[in-house]
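Worksheet for the structure shown next.
The values are calculated or read from the model by the stated rules, or taken from the named source; none is laboratory data. Remember, it's a predicted structure, so these values are computed and weren't measured experimentally. Note: ideal-geometry Cβ built from the backbone for every residue, glycine included; neighbour counts use all protein chains shown. Protein only, heavy atoms only, side chains kept; ligands, DNA and RNA dropped before computing areas. Shrake-Rupley method; radii C 1.70, N 1.55, O 1.52, S 1.80 Å.
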Amino acid sequence: MTTKDAAYTYTIRLGDDALILGHRLSELCSRGPILEEDLALTNVALDMIGRAQALLKYAADIEGKGKTDDDIAYRRAEINYYNHLLIEQPNADFAHTIARQLFVSVFEFLFYTELEKSRDETLAAIASKTIKEIKYHMQHAIDWTLRLGDGTSESHNRMQTAVNDLWMYTGELFEMDEVDAQLMRDGIAVDLIPIKAQWHNDIKTVLSKATLLIPEDTYMQTGSKKGIHTENLGHILSEMQYLQRAYPDAVW
Amino acid sequence: MHNEHSDTHFQSRIDNGEHIESKDYMPEGYRKHLIRQISQHAHSEVIGMQPEGNWITRAPSLRAKQILLAKIQDEGGHGLYLYSAAETLGISRVELIENLQSGKAKYSSIFNYPALNWADIGAIGWLVDGAAIVNQVSLQRTSYGPYSRAMVRICKEESFHQRQGYEIMTKMMRGTKDQQAMAQDAMNRWWWPSLMMFGPHDTDSPHSSDAVKWKIKRETNDELRQKFIDKTIPQAELIGLIIPDNNFSLDEKTGHYKISPINWDEFYRVIAGHGPCNKQRVDHHIKFHEEGAWIREAAVAYKQKHVKKELETA
Amino acid sequence: MATDTQLDLWEVFIQSKSGLPYIHAGSIHASDNKMAIQNARDIYTRRGEGTSIWVLPSKHIVASNPDDNDMLFDPSNDKVYRHPTFYVMPEGAKNI
Ligand SMILES: [Fe+2]
Ligand SMILES: [Fe+2]
Ligand SMILES: [Fe+2]
């Protein structure tokens with residue numbers, strides 16, 4: 001694998017996380033628990049789509065075949081999407097949305113803090129812009145985790161269920177393969193081993209402050225690095241790609 | 001009662017062009033009219049999130065998705081500013097929402113029409129926001145201070161809404177045959193309802209006279225509608241959209257367009273609840289309001305547990 | 001089951017640039033301090049309107065009574081000596 005191929009895959013993976021999470025969050029528009037929160041979640045969604053745009057455009061540049069960010073976002077088959085399984089899990093209820101936001105934003109905070117030091121200048125620049133946004137996403141997720149965990153018994157139970165349900169998708173956040181290995185040698189990719197330990201630490205702190213239990217060790221689901229997803233992604237894509245696929249000649 | 005608190009004094013303040021603030025004396029009719037109008041306006045912004053929200057997950061490009069999300073978010077913000085303005089009149093948001101869900105309070109009938117194809121997103125921004133802006137610009141000078149301030153903020157934010165809608169329509173009209181057909185279809189369905197947004201003719205409008213006397217409303221329904229027609233028809237023609245009206249014409253002397261009679265039966269039928277989406281819109285609002293109850297309760301419970309700590313650290 | 005609410009009403013003040021006064025932007029609903037700041041940020045600074053936010057529960061606002069307007073505000077109408085243009089400076093005076 002050339003560095004170029006590895007960098008393309010690495011960037012697409014990051015871009016897909018932002019793309020699909022932005023999509024998931026955008027589904028919540030007009031469905032918030034209170035109008036203020038509706039607007040707050042939309043802000044997070046907009047940050048994600050903006051980041052997806054930057055990363056997918058960069059992936060297109062690396063590939064060098066004259067594609068646009070939209071070509072990459074809208075015109076791949078399911079097997080060629082590489083977002084983490086956690087990202088595509090549905091907004092089953094607000095607790096699931098918040099638990100997903102918590103797991104993802106704490107991870108992204110640690111990850112992008114490191115990526116800011118990447119020797120790839122474009123990735124480093126995207127990271128330093130995005131880290132400010134992530135800090136806010138993380139604060140928002142932590143605050144709601146505390147309110148739900150330590151709120152009413154119903155909210156506590158829902159939040160615990162959500163944490164438990166999503167736990168099996170968190171292991172994948174720290175998987176590394178030959179793409180990571182190669183780019184780490186070049187000082188481009190982030191080493192996920194120290195991040196894994198820190199993530200567990202931070203999540204434990206938040207969950208216990210929220211009077212929630214840390215889920216027990218369990219089998220961790222895997223597959224997204226090879227494009228093997230849960231059934232959720234196909235439905236997301238069939239909506240997202242509808243117009244692009246129905247009218248392939250159209251410019252929007 | 002103090003003499004200066006009489007309705008005459010109030011009316012002279014209005015006539016002098018003064019703004020009324022929430023703690024000032026106001027006749028009960030003025031307060032009631034404002035609550036009805038502001039809440040109807042607020043509910044329209046909030047319910048209006050639904051038809052456009054219907055296309056967020058299918059927006060055909062990242063740019064389109066960002067624009068649409070930001071636009072709908074603005075509308076939610078407008079609802080929020082207006083709820084706040086209504087709250088200064090002594091009605092709570094809880095009551096306002098109850099009135100919406102029970103059907104006691106109305107919202108603009110335009111949102112009881114469905115958004116069926118992507119060009120509908122263009123038509124909504126261009127025609128529906130376009131019609132709303134004409135009304136809102138006029139309302140910046142409304143006599144009630146909190147309402148006027150909310151409208152100033154809203155108008156600033158609205159400026160991109162109509163443009164993004166027209167941009168979509170333009171792109172579709174310059175696009176493939178399919179896209180042009182979608183655009184014309186959207187035009188056909190949204191044109192007449194958008195003209196109805198201004199309300200019945202002045203001669204048939206039940207609330208107009210008080211509202212004009214109190215300077216809540218600064219221009220009449222027909223005046224505002226005419227402004228909208230005059231600026232919109234040339235925009236349609238510029239990009240090749242056909243106005244779905246066989247008999248409209250430009251009066252060269254006045255510079256105003258004359259259109260065919262509006263189908264007021266349809267207007268009253270939709271207001272009465274028989275539009276394609278009335279039930280769906282309110283049901284959606286109720287569903288997510290109810291699903292949010294446990295979350296709001298959790299926030300309150302958490303605050304009660306931690307309120308002491310918070311005061312100490314505040 | 002607790003009665004449902006729309007959380008508490010707060011007033012939002014935004015400073016658009018450091019050094020400038022905080023200006024009332026509007027209101028929001030929120031349950032606690034943090035949520036109030038975050039909601040104020042998400043609702044009133046979406047277009048870069050602010051660099052700093054104050055929020056306070058609306059119930060803590062004390063407002064003057066319009067009935068007292070004569071007493072409170074009229075007395076300052078005839079005190080022109082508080083305004084710099086009241087004073088006549090000699091021809092050619094600079095930096096004053
Ligand atoms: Fe609107
Ligand atoms: Fe609006
Ligand atoms: Fe608008």
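Search the stretch B:128-155 for residues that are touching a residue at least 40 places away in the same chain (Cβ under 8 Å) and closer than 21 Å to B:Tyr30 by Cβ and pair each with any residue that is hydroxyl-bearing (Ser, Thr, Tyr) and within 16 Å of ligand 3 (Cβ to nearest atom) when their beta-carbon atoms are under 7 Å apart and the residues are at least 6 apart or on different chains.
Pairs that qualify, where the first residue is touching a residue at least 40 places away in the same chain (Cβ under 8 Å) and closer than 21 Å to B:Tyr30 by Cβ and the partner is hydroxyl-bearing (Ser, Thr, Tyr) and within 16 Å of ligand 3 (Cβ to nearest atom), are B:Ala150/B:Tyr81.
So if I check each of B:Glu98, B:Glu45, which one is more than 16 Å from ligand 3 (Cβ to nearest atom), over 20 Å from A:Gly50 (Cα atoms) and part of a helix (DSSP H, G or I)?
Checking each option against the conditions leaves just B:Glu98.
Go through (1) part of a helix (DSSP H, G or I); (2) within 12 Å of another protein chain (Cβ to nearest Cβ); (3) more than 16 Å from ligand 3 (Cβ to nearest atom) one by one and return the number of the condition B:Gly175 breaks.
Unmet for B:Gly175, out of (1) part of a helix (DSSP H, G or I); (2) within 12 Å of another protein chain (Cβ to nearest Cβ); (3) more than 16 Å from ligand 3 (Cβ to nearest atom): (1).
Only residues in the stretch B:5-26 that are exposed (fewer than 15 other Cβ atoms within 10 Å of the Cβ) count as the first member; pair them with residues that are assigned to a helix (DSSP H, G or I), Cβ under 6 angstrom, at least 6 apart or cross-chain, and list the lot.
The qualifying pairs are B:Glu21/B:Gly145; B:Lys23/C:Pro66.
Among the residues of the stretch B:76-104, how many are more than 16 Å from ligand 1 (Cβ to nearest atom), more than 10 Å from chain C (Cβ to nearest Cβ) and closer than 19 Å to C:Gly26 by Cβ?
The number of residues fulfilling the criteria is 4.
Among the residues of the stretch A:21-31, count how many are open to solvent by 10 Å² or more (accessible area, probe 1.4 Å) and facing chain B (nearest Cβ under 7 Å). Steps first, please.
Residues of the stretch A:21-31 that are open to solvent by 10 Å² or more (accessible area, probe 1.4 Å), as a first pass: A:24, A:27-28, A:30-31.
Keeping just the survivors that are facing chain B (nearest Cβ under 7 Å) gives A:27, A:30-31.
Residues flagged as open to solvent by 10 Å² or more (accessible area, probe 1.4 Å) and facing chain B (nearest Cβ under 7 Å) within the stretch A:21-31 amount to 3.
Only one of C:Asp74, C:Asp78 is away from every other protein chain (no Cβ under 11 Å), under 25 Å from B:Met26 (Cβ atoms) and over 19 Å from the mean Cα position of the chain (by Cα). Can you tell me which?
Working: C:Asp78 fails: under 25 Å from B:Met26 (Cβ atoms).
Answer to the check: C:Asp74.
With the condition kept exactly as written, say whether any residue in the stretch B:197-210 is in contact with a Gly (Cβ under 9 Å, 6 or more places away or on another chain), modelled with pLDDT of 90 or more, within 16 Å of ligand 2 (Cβ to nearest atom) and away from chain A (no Cβ under 14 Å).
Among the residues of the stretch B:197-210, not one is in contact with a Gly (Cβ under 9 Å, 6 or more places away or on another chain), modelled with pLDDT of 90 or more, within 16 Å of ligand 2 (Cβ to nearest atom) and away from chain A (no Cβ under 14 Å), which makes the answer no.
Hey, does the stretch C:42-49 have a residue that's of a type outside the set (Phe, Trp, Tyr), out of contact with any Gly (no Cβ under 8 Å at 6 or more places or on another chain) and buried (at least 18 other Cβ atoms within 10 Å of the Cβ)? Explain how you work it out, then say what you get.
Step one: filter the stretch C:42-49 for residues of a type outside the set (Phe, Trp, Tyr), giving C:42-43, C:45-49.
Checking which are out of contact with any Gly (no Cβ under 8 Å at 6 or more places or on another chain) leaves us with C:42, C:45, C:47-49.
Add one more test, that the residue is buried (at least 18 other Cβ atoms within 10 Å of the Cβ), and what stays is C:42.
Looking for residues that are of a type outside the set (Phe, Trp, Tyr), out of contact with any Gly (no Cβ under 8 Å at 6 or more places or on another chain) and buried (at least 18 other Cβ atoms within 10 Å of the Cβ), one finds at least one in the stretch C:42-49, hence yes.
Name the residues in the stretch B:136-171 that are in a loop (DSSP other than H, G, I, E, B) and within 14 Å of ligand 2 (Cβ to nearest atom), would you?
So in the stretch B:136-171, the residues in a loop (DSSP other than H, G, I, E, B) come out as B:140-143.
Result: B:Gln140, single match.
Among the residues of the stretch A:197-241 satisfying the criterion of being among the β-branched types (Val, Ile, Thr) and in a loop (DSSP other than H, G, I, E, B), which is surrounded by the fewest Cβ atoms within 10 Å (Cβ to Cβ)?
Here is the first cut: in the stretch A:197-241, the residues among the β-branched types (Val, Ile, Thr) are A:203, A:205-206, A:211, A:214, A:218, A:222, A:228, A:230, A:236.
Filter again for in a loop (DSSP other than H, G, I, E, B), leaving A:211, A:214, A:218, A:222, A:228, A:230.
Working: A:Thr211: 13, A:Ile214: 13, A:Thr218: 11, A:Thr222: 15, A:Ile228: 13, A:Thr230: 15.
Result: A:Thr218.
Picking from A:Asp93, A:Asp150, A:Asp165, which residue would you name as being within 14 Å of chain B (Cβ to nearest Cβ), surrounded by fewer than 20 Cβ atoms within 10 Å (Cβ to Cβ), under 27 Å from A:Tyr219 (Cβ atoms) and acidic (Asp, Glu)?
Working: A:Asp150 fails: under 27 Å from A:Tyr219 (Cβ atoms); A:Asp165 fails: within 14 Å of chain B (Cβ to nearest Cβ).
The match here is A:Asp93.
When you check B:Val307 against the structure, is it closer than 27 Å to B:Met169 by Cα, out of contact with any Gly (no Cβ under 9 Å at 6 or more places or on another chain) and among the β-branched types (Val, Ile, Thr), yes or no?
On the way: closer than 27 Å to B:Met169 by Cα: no; out of contact with any Gly (no Cβ under 9 Å at 6 or more places or on another chain): yes; among the β-branched types (Val, Ile, Thr): yes.
No.
Of all residues being among the β-branched types (Val, Ile, Thr) and not in a helix (DSSP H, G or I) in the stretch B:195-230, which is surrounded by the most Cβ atoms within 10 Å (Cβ to Cβ)? Just the residue, please. Before the answer, list the steps.
Step one: filter the stretch B:195-230 for residues among the β-branched types (Val, Ile, Thr), giving B:203, B:212, B:216, B:220, B:229.
Filter again for not in a helix (DSSP H, G or I), leaving B:216, B:220.
Details: B:Ile216: 22, B:Thr220: 20.
Going through the qualifying residues, I end up with B:Ile216.
Out of B:Arg174, B:Arg189, B:Arg93, report the one residue that is touching a helix residue (DSSP H, G or I) at 6+ places or on another chain (Cβ under 6 Å), more than 15 Å from ligand 2 (Cβ to nearest atom) and at pLDDT 95 or above. Give the derivation first.
Details: B:Arg174 fails: touching a helix residue (DSSP H, G or I) at 6+ places or on another chain (Cβ under 6 Å); B:Arg189 fails: touching a helix residue (DSSP H, G or I) at 6+ places or on another chain (Cβ under 6 Å).
Residue meeting the stated conditions: B:Arg93.
Residue by residue through the stretch B:130-147, note down the ones that are open to solvent by 10 Å² or more (accessible area, probe 1.4 Å) and either near ligand 3 (Cβ under 10 Å from one of its atoms) or not basic (Lys, Arg) (or both). Let's see the steps before the verdict.
Step one: of the stretch B:130-147, the residues open to solvent by 10 Å² or more (accessible area, probe 1.4 Å) are B:132-135, B:137, B:140-141, B:146.
Scanning the stretch B:130-147 gives B:Ala132, B:Ile133, B:Val134, B:Asn135, B:Val137, B:Gln140, B:Pro146.
Of B:Lys258, B:Lys231, B:Lys213, B:Lys227, which residue is out of contact with any Ser or Thr (no Cβ under 8 Å at 6 or more places or on another chain), of a type in the set (D, E, K, R) and farther than 26 Å from B:Arg163 by Cβ? Let's see the steps before the verdict.
Numbers: B:Lys258 fails: out of contact with any Ser or Thr (no Cβ under 8 Å at 6 or more places or on another chain); B:Lys231 fails: farther than 26 Å from B:Arg163 by Cβ; B:Lys227 fails: farther than 26 Å from B:Arg163 by Cβ.
Just a single option satisfies the conditions, and that option is B:Lys213.
Specify which of the listed residues (B:Leu69, B:Leu82) is touching an Asp or Glu at 6+ places or on another chain (Cβ under 7 Å), open to solvent by less than 10 Å² (accessible area, probe 1.4 Å) and part of a helix (DSSP H, G or I).
Values: B:Leu69 fails: touching an Asp or Glu at 6+ places or on another chain (Cβ under 7 Å).
Result of the check over B:Leu69, B:Leu82: B:Leu82.
Could you look through the stretch B:40-58, keep only residues that are open to solvent by less than 10 Å² (accessible area, probe 1.4 Å) and either among the basic types (Lys, Arg) or more than 14 Å from ligand 2 (Cβ to nearest atom) (or both), and pick out the one that is farthest from the other protein chains (Cβ to nearest Cβ)? Steps first, answer last, please.
Quick first cut of the stretch B:40-58, residues open to solvent by less than 10 Å² (accessible area, probe 1.4 Å) only: B:42-43, B:47-49, B:51-52, B:55-56.
Narrowing further to those that are either among the basic types (Lys, Arg) or more than 14 Å from ligand 2 (Cβ to nearest atom) (or both): B:55-56.
Details: B:Trp55: 9, B:Ile56: 5 Å.
For the stretch B:40-58, the residue satisfying everything is B:Trp55.
Taking B:Arg153 as the residue in question, decide whether it is within 16 Å of ligand 3 (Cβ to nearest atom), closer than 15 Å to B:Ile67 by Cβ and basic (Lys, Arg). Reasoning before the result, please.
Working: within 16 Å of ligand 3 (Cβ to nearest atom): yes; closer than 15 Å to B:Ile67 by Cβ: no; basic (Lys, Arg): yes.
It is false that B:Arg153 is within 16 Å of ligand 3 (Cβ to nearest atom), closer than 15 Å to B:Ile67 by Cβ and basic (Lys, Arg).
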